[in-house]
1. Taking every alpha carbon pair in the range 93-194, what does the distance histogram look like in 5 angstrom bins from 0, in percent?
2. Just how far, in whole angstrom, is the range 438-476 from the range 294-324 if you go by their alpha carbon centroids?
3. Out of the range 337-418, which trypsin sites (Lys or Arg not before Pro) are coil in DSSP terms and have no more than 13 other C-beta atoms within 10 Å?
4. In whole Å, what are the extents of the range 13-154 along the principal axes defined by its C-alpha atoms, from largest to smallest?
5. Between Glu98 and Ala267, how high is the FRET efficiency from 1/(1 + (r/R0)^6) when r is the Cβ-Cβ distance and R₀ = 41 Å? Nearest 0.05.
6. If each residue's Cβ is checked for other Cβ atoms within 10 Å, how do His185, His384 rank with the fewest at the top?
7. Stretch Ser128-Glu109 to full length: gain in nm at 0.36 nm per residue minus the Cα-Cα span?
8. Hey, what did the chain get for relative contact order, percent, Cα under 8 Å, at least 6 apart?
Amino acid sequence: MKKIIFQKAENNFTMIIFGASGSLAKLKLFPSIYQLAAESRLPADYKIIGYGRSQISNEDFREFFKKSVIEKTERVDLEKLDELLKNIFYVSGQYNEEKDFRKLRSTVEQVEKTKNRIRIAYFSVPPSAFTEIFQNLAAVNFNSIKAKLRLVIEKPFGYDFKSAKKLAQTLKKHFSQEQIYLLDHYLGKESVTNLLSLRYANSILTTLLNREYVSNIQISALESKDIEGRANYFDNVGILRDMVQSHLLQILAYLTMFMPRERTAEAIHHEKAQVLKSIRVNSLVRGQYIGYNKEVSTDSKTETYAAIKLALKHPLWKGVPIYLRSGKSLVEQWTAIVFEFKPRKAQRDDGTLPPNRIVIQLQPYEKIEFHLLTKLGGKTFDFHELTTGRPIYCSGDCLNEHGRLLLDVIAGKNDLFLNFEEIFAAWKVIDPLQKLSTKMKKKDLHLYKKGSKGPKASDELLAKDGFKWFYSLPNA
Ligand SMILES: NC(=O)c1ccc[n+]([C@@H]2O[C@H](COP(=O)([O-])OP(=O)(O)OC[C@H]3O[C@@H](n4cnc5c(N)ncnc54)[C@H](OP(=O)(O)O)[C@@H]3O)[C@@H](O)[C@H]2O)c1
């Protein structure tokens with residue numbers, strides 16, 4: 001058995017969290033930082049500095065941090081948590097005031113014990129505040145070579161191609177490419193990074209997963225939850241931008257890209273971008289759950305459900321229809337990838353037998369299933385489906401998504417992050433669909449009941465090609 005290497009932060013660091021009073025910080029960042037500390041993965045000298053307009057003292061911020069960790073963590077080691085809190089500080093200030101950034105810089109310099117370290121600016125604020133922060137970080141010289149500043153920006157990267165381009169240009173004015181970490185938290189999930197490894201390590205998959213054998217691919221991210229009171233955010237975004245633009249297109253890229261010989265960040269980014277650039281969308285179904293308009297208090301046309309049929313120009317996948325769907329308030333909650341296989345020639349006229357499938361479930365549990373056909377007992381030549389599957393448990397160096405991605409930022413590794421080439425290509429897929437959406441008549445927005453399977457038009461999208469959405473409830 002190979003010795004397991006547990007990833008640890010080797011560099012001393014200071015991390016400034018802009019918008020530290022908000023929901024991303026509370027729900028994701030603080031619990032992840034605690035996990036890293038509890039597992040002794042942090043270096044001797046690290047400091048976390050929250051920054052925001054809210055007037056909060058160091059003590060109150062530590063209390064807020066502690067509460068957030070306790071709420072989200074099953075078993076907390078209070079001694080380790082209290083030790084961690086000694087490294088946590090808060091500075092209040094505006095995002096558009098250079099003098100406040102001077103105050104921030106002076107606090108940073110006061111609390112840092114060692115000079116040889118990296119600094120991280122984590123953007124946990126809405127995108128509207130980004131530019132002012134970039135400018136002020138540069139103005140107070142946080143961006144000197146010596147300070148080795150790295151910026152972490154979470155998706156969404158802009159609102160469309162044009163705004164993503166603007167974001168890239170603004171960043172470029174002040175920072176170099178190596179300093180920028182564009183984070184889609186899906187890529188920090190073990191289940192998602194495992195997709196590349198599964199393809200790499202299993203000749204069964206490498207051999208079968210291509211246009212020769214696969215009849216269609218389905219990627220589904222189904223949610224039973226509604227918009228949970230996030231009306232302002234969701235109504236401006238919709239499911240296409242929220243789920244498809246980054247999460248689902250990134251999964252698609254991992255599944256279909258050429259495996260680069262060297263698994264370097266550059267090679268992976270390049271291959272993913274080639275897939276994204278080769279996407280041609282054929283059809284779109286937009287849906288909205290009944291009652292949504294009441295929740296957002298407008299006569300909104302925003303989609304809470306989308307199903308897309310697309311094709312890739314990519315040589316491995318040319319001619320294979322690919323279906324993506326994501327929606328809210330559905331009867332089921334899971335994320336999975338389904339490869340359906342073409343029937344053998346001898347079977348083709350039958351039409352009654354279900355296809356062979358490989359199903360890779362990513363959420364809520366990771367598992368892989370093979371759907372085969374086996375003989376029914378008796379003298380007839382009849383079959384039934386045999387599903388053989390296993391959970392995929394993470395064993396070895398397992399970490400939650402933000403924990404893994406933070407360690408990568410500290411180590412300067414960006415293979416699990418995006419680059420702007422991929423982001424632009426993804427927006428070029430989504431922008432025409434958004435344009436189409438604004439022109440669509442209300443009747444083209446398919447209404448569906450809460451707790452249902454989504455709009456019927458989504459089933460018809462596949463039925464036209466002789467396919468059906470795969471349904472199976474996850475089990476632990
Ligand atoms: N929440 C998530 O799970 C999640 C998931 C993926 C990506 N993201 C991205 O992560 C970032 C932060 O998300 P979030 O959900 O934490 O946001 P949030 O809770 O709405 O805001 C975070 C903090 O930013 C400050 N803020 C709020 N509105 C602002 C405005 N208009 N201008 C300047 N500052 C403002 C507030 O702090 P002060 O008032 O103290 O300054 C607030 O506590 C966003 O870019 C979001 O798109 C979030």
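Values quoted throughout were computed directly from the atomic coordinates according to the rules given, and no laboratory measurement underlies them. Note that the coordinates shown come from a computational prediction; the quantities given were computed from them, not determined experimentally. Please note: Cβ atoms are built from the backbone with ideal geometry, for glycine as well, and neighbour counts cover all protein chains shown.
1. With a bin width of 5 Å, the distribution comes to 2, 11, 21, 23, 18, 13, 8, 3, 1, 0.
2. 10 Å
3. Numbers: sites: Arg344, Lys345, Arg348, Arg357, Lys367, Lys375, Lys379, Arg404, Lys413; in loops: Arg344, Arg348, Lys379, Lys413.
Here the trypsin sites (Lys or Arg not before Pro) that fit, given the DSSP loop and packing criteria, are Arg344, Arg348, Lys379.
4. That gives 42, 31, 26 Å along the principal axes, largest extent first.
5. According to the calculation, E is roughly 0.50.
6. Fewest-to-most Cβ neighbours within 10 Å comes out as His384, His185.
7. So the extension gain works out to 4.1 nm.
8. 17 percent
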